[in-house]
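The values are calculated or read from the model by the stated rules, or taken from the named source; none is laboratory data. Quantities reported herein were computed from a predicted structural model and do not represent experimental measurements. In this analysis, Cβ positions are derived from the backbone assuming ideal geometry, glycine residues included, and neighbour counts consider all displayed protein chains.
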Amino acid sequence: MNSNAPVGVFDSGVGGLSVLAEIRQLLPRESLLYVADSAHVPYGEKSPEFIRQRCRAIAGFLLEQGAKALVLACNTATVAGAADLRQLYPDLPIVGMEPAVKPAAAITRSGVVGVLATSGTLKSAKFAALLDQFASGVRVVTQPCPGLVEQIEAGDLEGPATRALLERYVEPLLAQGCDTLILGCTHYPFIKPLLRQLVPDNVGLIDTGAAVAKQLQRLLAERNLLAGQSDVKQLFWSSADPQKMQAVLPMLGVGSARVMAFE
């Protein structure tokens, strides 16, 4: 495998761009390919089998584009598809996501941790296993957030509708004494500025994008696959309207870039 080959990253939509940003910051010499499966967003409302099939289709496409590693920048896709992809491609570095239960349990002072996530993530066996493993002695309060992903997909990061949704989801967590909030969906870091307006300064906000970038760095280093190039590229695809994603990219800190169609 060529060490200067690109890394493939995908999500149910644009949320994984928050992970892409962490990868770009830690590994600035890596070329990156990104697929947003926005025609099927959010994954949290789809069956595990449907998500597995989408993961297979997108992974196959990214490998056709020459990807040397895959990042499932989506908690729900990781739950449904990561094990399947690792079985299909046993020699390929594959990095998934999981809600930051362990670090949240370590830093909470009140002993109460809140989780904002999609229904699919909160219902998963993997999430239950995380709680069993890392949350003993800590009370975890979960909050599904229907509609929030769609607002972020549309580029509405701080409008009245997004604010009203977020207020509705955050208030019960604060009322129960949560002093740490886990952002359990890769879309949610994009509304951190709005969230910071709605919660007290002493409430911590945790996501796992930086940890995923570090895990990718570790796996690439183990295989001598870290890129050494200066000619870095970023390519984007969407299974929905590419022009809609193209318009949203600058709002999400990516800047202007062409988005191609993926089916």
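Figures for the structure shown
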quantity: Test: residue in region 104-124 that is more than 22 Å from residue 43 (Cα to Cα) and under 18 Å from the mean Cα position of the chain (by Cα); calculated: yes
quantity: Residues (out of contact with any Leu (no Cβ under 7 Å at 6 or more places or on another chain), part of a loop (DSSP other than H, G, I, E, B) and over 14 Å from residue 62 (Cβ atoms)) located in region 11-26; calculated: 12, 13, 15
quantity: Enumeration of residues in region 53-81 that are more than 28 Å from residue 221 (Cα to Cα) and basic (Lys, Arg); calculated: 54
quantity: Boolean, residue 178 is of a type in the set (A, V, I, L, M, F, W, C), surrounded by 14 or more Cβ atoms within 10 Å (Cβ to Cβ) and over 22 Å from the mean Cα position of the chain (by Cα); calculated: yes
quantity: Count of residues meeting criterion [in a helix (DSSP H, G or I) and closer than 12 Å to residue 12 by Cα] in region 65-79; calculated: 4
quantity: Subset tally (residues that are under 17 Å from the mean Cα position of the chain (by Cα) and either surrounded by 16 or more Cβ atoms within 10 Å (Cβ to Cβ) or not assigned by TED's automatic domain parsing to the domain that holds residue 61 (or both)) for region 249-263; calculated: 3
quantity: Test: residue in region 192-211 that is more than 16 Å from residue 103 (Cα to Cα) and under 15 Å from the mean Cα position of the chain (by Cα); calculated: yes
quantity: Tally of residues being surrounded by fewer than 20 Cβ atoms within 10 Å (Cβ to Cβ) and either in contact (Cβ under 8 Å) with a residue 40 or more places away in the chain or touching a Lys or Arg at 6+ places or on another chain (Cβ under 7 Å) (or both) across region 98-121; calculated: 7
quantity: Hey, residue 236 out of contact with any strand residue (DSSP E or B) (no Cβ under 8 Å at 6 or more places or on another chain), surrounded by 22 or more Cβ atoms within 10 Å (Cβ to Cβ) and either in the same structural domain as residue 162 (by TED's automatic domain parsing) or modelled with pLDDT of 95 or more (or both) or not; calculated: no
quantity: Residue list for region 15-65, filter: among the charged types (D, E, K, R) and either in contact with a strand residue (DSSP E or B) (Cβ under 7 Å, 6 or more places away or on another chain) or at pLDDT 95 or above (or both); calculated: 22, 24, 29, 30, 37, 49, 52, 54, 56, 64
